[in-house]
Amino acid sequence: MTVARALALAIFLMTYLGLALGRVPGFRIDRTGMAIVGAAAAVATGAIAWDRAVAAVDAHTLILLFGMMVVGAYLRLSGFFALVTRQTVRLARTPVALLGLLVLFAGLFVVIGAVEDSGSPRISSPWRAGPTSTSRPSSSP
């Protein structure tokens with residue numbers, strides 16, 4: 001193993017260790033910060049070329065994630081998550097019932113996510129079997 005490969009492996013392992021722990025002991029850095037530091041270290045050390053790193057960034061995904069973070073932050077500030085938690089625990093009353101409700105609602109959300117606006121079910125998974133297309137789906141109904 002070359003020094004460059006060993007360095008790239010070390011950066012990868014340290015980044016994923018920080019992601020697994022949720023924070024880096026002794027530093028005020030969370031998972032997002034750890035991912036950014038790991039990416040910057042990979043580029044700075046030459047483990048990945050700058051042009052390949054830029055090409056790996058998908059703007060559509062970043063915009064979607066940013067929008068979800070904004071919505072999630074406002075839902076938290078409004079007390080929505082606390083309200084849903086209180087109502088769910090009150091409805092469940094026992095740990096087994098709580099587990100059943102969580103499984104039921106998780107399954108329901110998966111089904112809702114798999115059904116398009118037209119009402120036809122389609123599993124949206126990058127691992128689905130069958131031929132794939134490189135073109136983006138049409139946004140028109």
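The values are calculated or read from the model by the stated rules, or taken from the named source; none is laboratory data. Please read these numbers as outputs of a predicted model, since none were measured by experiment. Note that we place each Cβ from the backbone using ideal geometry, even for glycine, and neighbour counts take in every protein chain shown.
Residues of region 61-99 being at positive phi and surrounded by 10 or more Cβ atoms within 10 Å (Cβ to Cβ), which ones?
Filtering region 61-99 down to residues at positive phi leaves 79, 93.
79, the sole residue that qualifies.
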| Those residues of region 41-65 which are part of a helix (DSSP H, G or I) and over 20 Å from the mean Cα position of the chain (by Cα), in sequence order | 41, 42, 43, 44, 50, 51, 52
| said: Just to verify a result, which residue in region 1-60, among those that are surrounded by fewer than 11 Cβ atoms within 10 Å (Cβ to Cβ) and acidic (Asp, Glu), is modelled with the lowest pLDDT? | reply: 58
| query | Within region 71-86, is even one residue farther than 30 Å from residue 105 by Cα and out of contact with any Cys (no Cβ under 9 Å at 6 or more places or on another chain)? | reply | no
